[in-house]
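A.B. asks: Got a structure for you, questions after.
The values are calculated or read from the model by the stated rules, or taken from the named source; none is laboratory data. From a predicted model like this one, the values you see are computed outputs, not experimental measurements. For neighbour counting, all protein chains shown are included, and Cβ atoms are generated from backbone atoms with ideal geometry for every residue, glycine included.
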Amino acid sequence: MSRIDIQTGFDADREQAELAAYLGESYRHELLQQYELTLQRELDGFEGTEADFYRRSCGYLYNLTAFAMTGTKLPYLAELTRLVEPGARILDYGCGIGSDGLLLLEAGYRVEFADFANPSLAYLRWRLERRGLDAPIHDLDLDVPAGFDAAFAFDVIEHVEDPLAFLAELEARAGLIVVNLLEPEPGETALHHELPIGRIGARAAAMGLASYTILHGRSHLVAYSPGSQGPVARLRSKALIAAARAGRRPGRWRGVR
């Protein structure tokens, strides 16, 4: 298994500097500092469906940049790189501004990105060019290819109406699926839907569970291979889930200064 140190490529200052360069004179640092409020205000004033919002939001440029700067998803990426060797073909599904996939791309993985055509994806194209990188970008409203060694979606599945159908899309495209499942908490954005974590865990256990960890107190990180497995392997998978739930790791989200 890989021992890539994804932490070495992480640079919060570069995340901020790239957004400021991209937006130019329209960049406002206070919107980055108040990234949750920035997105909520945009949502409150938005006329259209939730699906429309994901295709048109500019507030996500600040929200996703600020969240990337916290390093919250670094443990998720560390687990992915533990399971998949550099050079593997990986799909960043629901990539947003692409911060996770960019780290993997610079670490030697063959990354492709997929999301709706929106301001975040336009920014990702700019980031790739600025960094001198080349990677395919796929529109979720069109065709997304298959044949990936792994597909991941971090802090994405809570935004969809049908999480099981979402997982089926990933399972049809990759040999390893890595997702995180957030437990609900008071005061969460209306954009987050409560997830059937137990059902999803059982689904992964019935297929081929590679790992199951609970991070930051409420984020269930699940890695599994689509397909069926025998009864002994299913018992092992259930034991992994039970152990993770018994020994969950506490954690906090960090803000942006």
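Conditions (1) at pLDDT below 95; (2) surrounded by 12 or more Cβ atoms within 10 Å (Cβ to Cβ); (3) in contact with a Lys or Arg (Cβ under 8 Å, 6 or more places away or on another chain), marked per residue:
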| residue | (1), (2), (3) |
| --- | --- |
| Leu170 | no, yes, no |
| Gly175 | no, yes, no |
| Leu181 | no, yes, no |
| Glu185 | yes, no, yes |
| Ala190 | yes, no, no |
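A.B. asks: If the Cβ limit is 6 Å and pairs must be 6+ apart or interchain, which residue in segment 75-86 that is under 18 Å from Arg218 (Cα atoms) pairs with which residue that is among the aromatic types (Phe, Trp, Tyr)?
C.D. replies: Filtered contacts from segment 75-86: Tyr76/Phe154.
A.B. asks: So, of the residues in segment 55-88 that are under 16 Å from Thr189 (Cβ atoms) and more than 15 Å from the chain's Cα centre (by Cα), which turns out to be surrounded by the fewest Cβ atoms within 10 Å (Cβ to Cβ)?
C.D. replies: Once the filter is applied, the top-ranked residue is Ser57.
A.B. asks: Suppose we filter Ala233, Ala242, Ala202 for residues that are among the aliphatic types (A, V, I, L, M), at pLDDT 90 or above and in a helix (DSSP H, G or I); which single one remains?
C.D. replies: Numbers: Ala233 fails: at pLDDT 90 or above; Ala242 fails: at pLDDT 90 or above.
Result of the check over Ala233, Ala242, Ala202: Ala202.
A.B. asks: Only one of Ala151, Ala135 is in a strand (DSSP E or B), buried (at least 17 other Cβ atoms within 10 Å of the Cβ) and not aromatic (Phe, Trp, Tyr). Can you tell me which?
C.D. replies: After applying the criteria, what remains is Ala151.
A.B. asks: Go through the residues of segment 38-54 one by one and say whether even a single one is closer than 14 Å to Ser99 by Cα, touching a residue at least 24 places away in the same chain (Cβ under 8 Å), surrounded by fewer than 20 Cβ atoms within 10 Å (Cβ to Cβ) and under 17 Å from the mean Cα position of the chain (by Cα).
C.D. replies: Filtering segment 38-54 for residues closer than 14 Å to Ser99 by Cα gives none.
Taking every residue of segment 38-54 in turn, none turns out to be closer than 14 Å to Ser99 by Cα, touching a residue at least 24 places away in the same chain (Cβ under 8 Å), surrounded by fewer than 20 Cβ atoms within 10 Å (Cβ to Cβ) and under 17 Å from the mean Cα position of the chain (by Cα).
A.B. asks: Could I ask something else about it? Please go through segment 28-46 and give me each residue that is closer than 15 Å to Leu64 by Cβ and assigned to a loop (DSSP other than H, G, I, E, B), ordered by number.
C.D. replies: Gln34
A.B. asks: A further question on this structure: When both residues are 6+ apart or on different chains and their Cβ atoms are under 7 Å apart, which pairs have a first residue that lies in segment 196-214 and is over 14 Å from Glu171 (Cβ atoms), and a second that is modelled with pLDDT of 95 or more and of a type in the set (Val, Ile, Thr)?
C.D. replies: Partner pairs satisfying both residue conditions: Gly201/Val222; Tyr212/Val222.
A.B. asks: What's the total number of residues in segment 47-87 that are part of a loop (DSSP other than H, G, I, E, B), in contact with a strand residue (DSSP E or B) (Cβ under 6 Å, 6 or more places away or on another chain) and not β-branched (Val, Ile, Thr)?
C.D. replies: 0
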